[in-house]
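Participant: Can you read through this structure? Questions will come right after.
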Amino acid sequence: MCISCGCDASRPESHHHHDGEYDSDPHTLRVETELLAKNDRLAAGNRGLFGNAGVFVLNLVSSPGSGKTTLLERTLAEIGTRLRFAVLEGDQQTSRDADRIAASGVPVRQINTGAGCHLDAHMVGHAVEAFALELLDVLMIENVGNLVCPAGFDLGEDHKVVLLTVTEGEDKPLKYPQMFRAATLMLINKTDLLPYVDFDLERCRTFARQINPGIEILEISCRSGMGLEGWYAWLQAGVRQKRAGDQGATGCV
C-alpha cells in the first residue's frame, strides 16, 4: 500500500485512482474511501476554522522545481506590507524552504511528510495551531511537489493554485487532469524562458480549459516580475471576498 494515501502501489491500474472507477480488491477500495472520508471531515473542520478567522487560504501545488517557493518569496517581499501572511511549507525532508520564507519575517511552519507524497487535512490542522489566524489575511500552503497525490486531498483551502512552467511542456493538463480540474487558478511560470524552449502558450491554455473550462490563467515570471501584478490583484480580490463571506471565484480573468 502507498504509505501516504492507502492506494495499492503494487497495482499501477489502481494506484491513486480514488474515484471508484476501477474494479479492485474491495478491502483496498474500502480503506481508500474511509481514509478520504476522514480527510474530508478534518478539512471541513479546517475550513470552518479559517472561515471564522476570515483568513483566505490557498493550496499551492505543482511539480518539483516549478517555482512555488520563489513565488512566495517575491509575493511576500512585494505585498507583504499590504496583506498579513503566514506560510505552511510541505516537503518530504529538510526545512530549506521554510528557512527561505522565515528570512522574510513572515510566520512559517515546516511540515515534513517523510515518505508521504502530499499534505493532508490532519497535518494542516495541527500546524496552524502555531498561528494567530485572526491576525492573518492570507495563509499560503506550499504542498509537496507532486501533480498527482495532492489533487485528491482537501486541506480546507479556499482554492488550489497550480503552477506550471514553460520548461515542463504544454500537455501537463492532459496528463494530470485531476489536478487541473481541482484548481481554480493556473499560473504559467518562467515565461522569461519562452524564447529558449518549445512551449506553445495557446495550446497550454486550450488543454487546461478542455479539462477545466472555468480555470483562470495568468502568465508570470518570478524572475522578471512579468504578470505578478495580476497575481497580486487576484490575491487581494480573494481576501476582500473572504472578508465579505464569499468564498467563490475571485473574478480575475
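The values are calculated or read from the model by the stated rules, or taken from the named source; none is laboratory data. In this text, all values refer to a predicted model and were calculated from it rather than measured experimentally. No Cβ is skipped: glycine too gets one built from the backbone with ideal geometry, and neighbour counts run over all protein chains shown.
Participant: Pull up region 36-87, narrow it to residues that are part of a helix (DSSP H, G or I) and hydroxyl-bearing (Ser, Thr, Tyr), then point me to the one that is nearest to the chain's Cα centre (by Cα).
Facilitator: Taking region 36-87 and keeping what is part of a helix (DSSP H, G or I), we get 36-53, 68-79.
Next cut, hydroxyl-bearing (Ser, Thr, Tyr) only: 69-70, 75.
Values: Thr69: 12, Thr70: 14, Thr75: 15 Å.
Result: Thr69.
Participant: Also, I was wondering about something else. Which one of these is farther than 28 Å from Glu34 by Cβ and surrounded by fewer than 24 Cβ atoms within 10 Å (Cβ to Cβ): Asp158, Asp154, Asp137?
Facilitator: After applying the criteria, what remains is Asp137.
Participant: Just to verify a result, which residue in region 214-226, among those that are small (Gly, Ala, Ser) and without any contact (Cβ under 8 Å) to a residue 40 or more places away in the chain, is surrounded by the fewest Cβ atoms within 10 Å (Cβ to Cβ)?
Facilitator: In this case the residue turns out to be Gly214.
Participant: Could you figure out which of (1) modelled with pLDDT under 95; (2) closer than 25 Å to Val144 by Cα isn't true of Ser221?
Facilitator: Unmet for Ser221, out of (1) modelled with pLDDT under 95; (2) closer than 25 Å to Val144 by Cα: (1).
Participant: Also: Counting only residues that are aliphatic (A, V, I, L, M), in a helix (DSSP H, G or I) and more than 22 Å from His122 (Cβ to Cβ), how many does region 143-200 have? Lay out the reasoning, then the answer.
Facilitator: If we filter region 143-200 for residues that are aliphatic (A, V, I, L, M), which is where we start, we get 144, 147-148, 151, 155, 161-164, 166, 174, 179, 182-183, 185-188, 193-194, 197.
Now drop any that are not in a helix (DSSP H, G or I), which leaves 151, 174, 179, 182, 193-194.
Okay, now just the ones that are also more than 22 Å from His122 (Cβ to Cβ), so 174, 193-194.
Of the residues in that region, 3 qualify.
Participant: Here's something else I'd like to know. Regarding region 60-79, can at least one residue be identified that is farther than 30 Å from Leu193 by Cβ and not small (Gly, Ala, Ser)?
Facilitator: No, because not a single residue in region 60-79 is farther than 30 Å from Leu193 by Cβ and not small (Gly, Ala, Ser).
Participant: Between residues in region 186-213 that are closer than 18 Å to Val161 by Cβ and residues that are of a type in the set (Phe, Trp, Tyr) and modelled with pLDDT of 95 or more, which pairs lie under 7 Å by C-beta distance while being six or more apart or on different chains?
Facilitator: Listed pairs, sorted by first residue: Met186/Phe180; Leu187/Trp231; Ala208/Phe180; Ile211/Phe180; Asn212/Phe180.
Participant: Please work out which one of (1) touching a residue at least 60 places away in the same chain (Cβ under 8 Å); (2) under 22 Å from Gly54 (Cβ atoms); (3) touching a strand residue (DSSP E or B) at 6+ places or on another chain (Cβ under 7 Å) is the condition Thr165 fails and give its number.
Facilitator: (2)
Participant: Taking Glu73 as meeting all but one of (1) farther than 22 Å from Met226 by Cα; (2) in contact with a Ser or Thr (Cβ under 9 Å, 6 or more places away or on another chain), write down the number of the exception.
Facilitator: (1)
Participant: Which members of region 95-108 meet the condition of being surrounded by fewer than 22 Cβ atoms within 10 Å (Cβ to Cβ) and closer than 18 Å to Leu58 by Cα?
Facilitator: Those that are surrounded by fewer than 22 Cβ atoms within 10 Å (Cβ to Cβ) and closer than 18 Å to Leu58 by Cα: Asp97, Ala98, Val106, Pro107.
Participant: Can I ask one more? If only one of Ala77, Ala102 is at pLDDT 95 or above and touching a strand residue (DSSP E or B) at 6+ places or on another chain (Cβ under 7 Å), which one is it?
Facilitator: Details: Ala77 fails: touching a strand residue (DSSP E or B) at 6+ places or on another chain (Cβ under 7 Å).
After ruling out the rest, the residue left standing is Ala102.
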